[in-house]
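Each remark here refers to the structure printed beneath this line.
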Amino acid sequence: MKTDSLQQTPLFNSAGLPVPPALPDSIPTDSIVEPVYGMVIESPVIRDEKPAQENPYDALSWVWLFLAALFCAVALKFKNNAHYIRAVVSDLTVVRVRHNAFDDTVRETSFLVLLNVLWIVSCGVLLWKVVMITTGNNPFGSFGIPDRPAEGIGICTLMVGIYDLVMFSAYWIIGFVFSDRDHARMWVKGAGASQGLEAMLLLPIAALTISYAPWSEILLEIAAGLFILGKIIFIYKGFRIFFTQISSWMLFLYYLCSVEIVPLILTYLATLQLCSVWL
C-alpha cells in the first residue's frame, strides 16, 4: 500500500504547479519501421516463358536462291551469244514487219521469256521495298504492314506477274483493234524486249536492295529511272506503229492515261491491300 501511494503522489514543478504524469509509449520503439526509398530493377522478359522468335530475314535465303537460279538459267541460255542481245534490241527499236520465219528462233523466244520472268521477280523485290518505305513514312500511323520480307516479296511478285499478264493482254487487244496482226505482234514483242533488257539491270539493283537497306531509296530511284526510260522507248515504238493521222494524238493520250498509268496505280493499291490482309 505504501508503494502504491508513493506512485500516486503528484509531482510539482518549481512554480508549484502539478506536472502531468508521463504517458507510457503505446508502440514499442523496436516495431517502428522507417521508410526506405529506392528503385528495384527487374527483367521484363523471362526467357523460359517465351520461345525465341525467328528472324524474319532468315527466309530471304529462298529469295536469293530463286534469283540465283533464274540468273543461271539466263546465263546458260545466253552462252556468250551476242546474237540474242541484238535480237532483243531489234525487237524494241525496229518497226519493220518481219516476213522471214528464221528471224525469230525458238531459242531467242525462250531467252526473252526467261528475261521477262527475271524482270517479274526483280520488280517484285523492288515493289516490296516501295511498299515498306511508303507505309513506314505514313505520318498518321493508321496503316502499317509487318516487316516479313519473304512473304511480302512473294505477294509483290504475284502482283507484278498479274500486272504483266494484264498489260500484254491489253497490248494484244489494242494492236488488233488499231492495226493488223503483224503490227500487234511486233508491238507485243517490243514490250517483252523492253522488259527483258531492263531485267539485266534491275536484277543487281534488286539484289542490293535486300542486302543493303540504307541504299534502298537511292536504288529505287535508279530502278524507277530505268523503268521510265524503257517505257519511253517502248511508247515511242508504238507511236511509230500506230500514228497514221492527226487524230491519233487524242488516242495516244487516252492510251497513256488508261493503259500505262492507271494499271500501275491499281497494282500498287492492290498490293498494299493484299499485304495488309495476308501478312
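None of the figures in this text is laboratory data; all of them are computed from the coordinates on show. Given the structure is predicted, the values throughout are model-derived calculations rather than measurements. Please note: Cβ atoms are built from the backbone with ideal geometry, for glycine as well, and neighbour counts cover all protein chains shown.
Pair-distance distribution of the stretch 156-223: all C-alpha pairs, bin width 5 Å, starting at 0; shares per bin in whole percent are 3, 15, 17, 19, 16, 11, 9, 6, 3, 1.
In whole percent, what relative contact order does the stretch 150-279 give with Cα contacts below 8 Å and a gap of six or more residues?
36 percent
Ranking THR271, ALA224, GLY196 by how far each Cα lies toward the positive end of the dipole of the stretch 141-279 (charges on Cβ) leaves GLY196 at the top. The length gained by stretching the chain between ILE265 and ASP182 to full extension, at 0.36 nm per residue less their Cα-Cα distance, is 26.8 nm.
Sorted from fewest to most neighbouring beta carbons within 10 Å, what does the list ASP182, ASP164 look like?
Details: ASP182 12, ASP164 20.
In order of increasing Cβ crowding within 10 Å: ASP182, ASP164.
Computed from phi, the 3J(HN,Hα) profile of the stretch 125-131 under the Karplus parametrisation 6.51, -1.76, 1.60 (θ = phi - 60°) reads 5, 5, 5, 4, 5, 4, 4 Hz, with x in place of Gly and Pro.
Remark: VAL177, VAL74 ranked as VAL177, VAL74, counting other beta-carbon atoms within 10 Å and listing the fewest first. On full extension, the segment bounded by TRP62 and GLU151 gains 31.0 nm, given 0.36 nm per residue less the C-alpha separation.
Overall form of the stretch 60-278: oblate. Here a/c, set by the Cα gyration tensor axes a ≥ b ≥ c, is 1.5 or more, and a/b is not larger than b/c. Taking a point 7 angstrom from the Cα of ARG96 along the C-beta vector, which residues in the stretch 186-209 have backbone N less than 16 Å away? Zone members listed by number: 186.
3J(HN,Hα) along the stretch 159-175, derived from phi through the Karplus expression 6.51 cos²θ - 1.76 cosθ + 1.60 where θ = phi - 60°, amounts to 5, 5, x, 5, 4, 5, 5, 5, 5, 5, 5, 5, 5, 4, 5, 5, x Hz, with x in place of Gly and Pro. Under a plain spin-label model, where a point goes 7 Å from the Cα along Cα-to-Cβ, how far apart in nm are TRP215 and MET200? Distance between the two pseudo-spin positions: 2.0 nm.
Provide the FRET efficiency to the nearest 0.05 for the THR109-THR135 pair, computing r from the beta carbons and using R0 = 51 Å.
Working: r = 39 Å, r/R0 = 0.76.
Taking R0 as 51 Å, the efficiency between THR109 and THR135 is 0.85.
Model label points for ALA69 and GLN273, set 7 angstrom from Cα along the Cα-to-Cβ axis, are 3.1 nm apart.
Tell me whether the stretch 112-213 comes out rounded, prolate or oblate; compute the Cα gyration tensor, take square roots of the eigenvalues as a ≥ b ≥ c, and use a/c under 1.5 as the rounded threshold. It comes out prolate by the Cα gyration axes.
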